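The values are calculated or read from the model by the stated rules, or taken from the named source; none is laboratory data. All values derive from a computational prediction rather than experimental measurement. Methodologically, a virtual Cβ is constructed for each residue, glycine included, from the backbone with ideal geometry; neighbour enumeration extends over all protein chains shown. Heads up: the accessible areas ignore ligands, DNA and RNA and are worked out on the full protein's heavy atoms, side chains in. Shrake-Rupley method; radii C 1.70, N 1.55, O 1.52, S 1.80 Å.
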Amino acid sequence: FPVTISLYLSGNSDVTVRQNATDSSGFTAVIGNYGGDVTIRATGAGGSSLIRSAASVRGSAVLVQYSSGGVPQWIAHIEGTNVNVILFDIQCAVDNKIVVYGSFFLLGVPISTITIFDSAGSATTITSNRRSLFVAVFNQDGTFDWCGKIRNTSTSTSLLGWNIATDSSRVYLSGASSLSSSVIADDNSGGFISFNCQNTINKRTAFVVSY
């Protein structure tokens, strides 16, 4: 039977719902974006709802999971301290973990910081000194698992993400870098790999990063 689920924000912002994904248990996760200080209300079947307050000077992102019957289970959100945060894609992995990817950057800001608040309210801060993409993984109950980021060494170079995909053990992010720069992929434990993108004007170099 059809179930209607909704996201509402009270405050000085509207929510933009971007993508959703359903895991093997029938749970559906939804991502969206908003800006400003808000109260997030996720509503579902039978008028059930969850509420979370969130504060952000700039653009932020929200992640909500609903049961197979349309009842909201939990809310997580990602705030940009001094940058805009945008979520672009979401996938449910084989083990029912939720994988999202997004970007954070603001022109003229040398150090970018975002904070991930999971379903339990625990905070994880990510900092980068360049334009960055990130992959964040949540457990099925909405608690934070791990996060990786992809950055470049040039503030004049656009770093674009395209899609994420998962298999039984890995997460893959495809993207591209414009102009020439070094791209650095950081993992959850402080390790990293780097590779060079050698481009001419108006050209891009595509890449795939696996975690």
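Report the accessible area of Arg170, computed with a 1.4 Å probe over the heavy atoms of all protein chains in place, in Å² rounded to the nearest 10.
Estimated to the nearest 10 Å², Arg170 gives 110 Å².
Rounded to the nearest 10 Å², what accessible area does Asp187 show when all protein chains are kept and the probe is 1.4 Å?
60 Å²
Search the structure for amide H atoms under 5 Å from the amide H of Gln73, placed 1.01 Å from N in the peptide plane, and list their residues when 5 or more places away or on another chain.
Sorted by chain and number, the residues that satisfy this are Gln65, Tyr66, Ser67.
Assuming R0 = 45 Å, what is the FRET efficiency of Ala45 and Val208, from their Cβ-Cβ distance, to the nearest 0.05?
0.70
I need the phi-derived Karplus couplings for region 41-48: 6.51 cos²θ - 1.76 cosθ + 1.60, θ = phi - 60°, integer Hz, Gly and Pro marked x.
Listing the rounded values in order: 10, 9, 10, x, 4, x, x, 5 Hz.
Modelling each spin label as a point 7 Å along the Cα-to-Cβ direction, I'd like the Val17/Thr143 distance in nm, to one decimal.
2.9 nm
Just grab the label-to-label distance for Ser122 and Asn82, each label 7 Å out from Cα along the Cβ direction, in nm (one decimal).
Distance between label points: 2.8 nm.
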